[in-house]
Amino acid sequence: KPTSKTTTGKARTVVADVAISSPDKVLWPAADGCDAVTKADLARYYERVAERMLEHVADRPISIVRAPDGIDGQRFFQRHAMPGSNPRLKLIDVKERKPYVGVEDVGGLVALAQAGGLELHPWGCRPGDPETPDQVTFDLDPDEGLDFADVMAAAKTVKAKLEDLGLTPFVKTAGGKGLHVVVPIRSDGRSRVEWDQCKAFAKAVAEALKADDPDRFTTTLAKKARGGKIFIDYLRNGRMATAVAPWSPRARPGATIALPLNWSQVRKGLDPRAFTIAEAVALLKKPDPWADFRKSEASLRPAIKAMGL
Ligand code: ATP
Ligand code: MN
Ligand code: MN
C-alpha cells in the first residue's frame, strides 16, 4: 500500500515526498492492449513495490537504465552519480571506482522515476559491502526460435543441479524472454567467498550442465554459437556484473517487469509478458514467492568443493 499521499495539483505531482516533473509524460506508449504508462505511473509503481523491491536493491551499487523520453527515446546506462540528482539518491563507495548510484528507501526509488530511471540492475553483493557476493545468478538466454517452454525446462534442470549441491534456488522472470535462477548465499564469517570464487562456481555449474546435455545448453556468449540452444549466462556473477532487479520494470514495449515466482508457477501457461506495471496491484496481493529468500542462504563453500574447485 502506498505509504504516502500522491497529490496531483495543477503543476505538481508528489509521490513519497518526491516532486515528479512532467508527470503525464508517456514513458511506455500504449501497445498490444496495454495502456500507456506515464512518469507518474512509474513513480507510483516504485512506491507500491518498494517494500518487496528494496530487499534486493537497497545499499548496493546499481546501474540504471535511464530513458527520460520513454522507451522510444535515447537511453543510457548510468552507473555513477547523476548531475543535480535528488538528495534521496545515495552514493555507494566502490573500491577503485567512482561512487555508484544507490537507493536506500522508497524515496530513492521514486527519485529514480523522477530521473527517468526505467530499469535497476544491482550488483549481486551484500548490502553495504560491494566486495562480498551474497547470491549467484544463472541467467538463461534462449536462442531465437526457442519456446518459453524450453526456458522453463532449462530452469528446472538448473534448479535440480543446484539442489544437488545443497543450495536453494529461486526463480524470476527477467521481463523479457529469459528466466533467472538465483541462489542466496551466506556471506558472513567463514562462509564468505570472493567474487572470483562466485564466478568460477557459476561457470563450473554451467559447464557441467552443458557437458550433460550439449544439444540443449551452451556457455558461449557469442550469439552465433547458440544454434537453437539456451545460453547459461554465468557472467552475472563477477565483481561489477549486474542482473536486473526483482520487480524492476523493463524499458521494453508492454512495460513488463522482472517478477519473482514460485517454482510451481514454472509450468505450461506461464507467460512473462503478463507481468507488467499495470498488474502490480494484483501481483502484490499474492504472498511474496521470495519471502524466504534470505532465510534460505547456504554457504557456497561445500558446493564449490563438490564442483571440484
Ligand atoms: P532477457 O530475459 O531478455 O534475457 P535480461 O535482463 O536477462 O533479460 P540479458 O541481455 O540476458 O537480459 O542481460 C542479463 C543482465 O546483464 C541484465 O539484466 C543486465 O543487468 C546485464 N547487462 C546486459 N547488458 C548489459 C550492458 N550493455 N551493460 C551493462 N549490463 C548489462
Ligand atoms: Mn537474460
Ligand atoms: Mn544474459
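All of the numbers you see were taken from the coordinates with simple rules; none came from a lab. Note that the structure is a prediction, hence the values are computed from the model and not measured. No Cβ is skipped: glycine too gets one built from the backbone with ideal geometry, and neighbour counts run over all protein chains shown.
Structure above, values below:
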item	result
Dipole magnitude of the chain, debye to nearest 20 (Cβ charges: Lys/Arg +1, Asp/Glu -1, about Cα centre)	260
Prolate/oblate/rounded call for segment 152-309, Cα gyration tensor, a/c under 1.5 rounded	oblate
Student exercise, segment 160-226 dipole from Lys, Arg, Asp, Glu Cβ charges, in Debye to nearest 20	360
Residue among Met240, Met152, Met82 with the largest mean-square fluctuation in a Gaussian network model of the chain, springs linking Cα atoms under 10 Å	Met82
Under Karplus coefficients 6.51, -1.76 and 1.60, residue-wise ³J(HN,Hα) of segment 30-38 in Hz, glycine/proline x	4, 7, 6, x, 8, 5, 5, 10, 9
Farthest positive-ward along the chain dipole, Cα basis, beta-carbon charges - from Phe201, Pro127, Ala30	Pro127
The chain, Cα convex hull volume normalised per residue, Å³	137
Length added when fully stretched, Arg267-Ser21, from 0.36 nm per residue minus Cα-Cα	84.4 nm
Length gained when the stretch Phe76-Ala306 is fully extended (0.36 nm per residue, less Cα-Cα span)	78.7 nm
Val94 long-range amide H proximity, modeled H, under 5 Å	Tyr100
Calculated from backbone phi, Karplus (6.51, -1.76, 1.60) coupling profile of segment 48-58 in Hz, x at Gly/Pro	5, 8, 3, 4, 6, 7, 4, 3, 9, 10, 4
Segment 108-168 shape via C-alpha gyration tensor axes, a/c threshold 1.5	oblate
Förster radius 25 Å - calculated FRET efficiency between Asp212 and Asp147, Cβ distance, rounded to 0.05	0.75
Dipole of the chain, positive end: most advanced residue of Asn237, Pro83, Ala255 [Cβ charges, Cα centre]	Pro83
Neighbour-count ranking [beta-carbon atoms within 10 angstrom, fewest first] of Arg75, Arg60	Arg75, Arg60
Interchain or long-range residues, amide H under 5 Å from Cys125's placed H	Asp134
Sequence-distant residues sharing a close amide H with Glu119 (under 5 Å, placed H)	Val65
Estimated dipole of segment 7-122 in Debye, rounded to 20 [Cβ of Lys and Arg +1, of Asp and Glu -1, Cα centre]	380
Nitroxide proxy distance, nm - points 7 Å out along Cα→Cβ at Ala222 and Ala31	3.1
Mean ellipticity per residue at 222 nm, deg cm²/dmol - from DSSP H runs of n ≥ 4 across the chain, formula -39500 (n - 2.57)	-7500 deg cm²/dmol
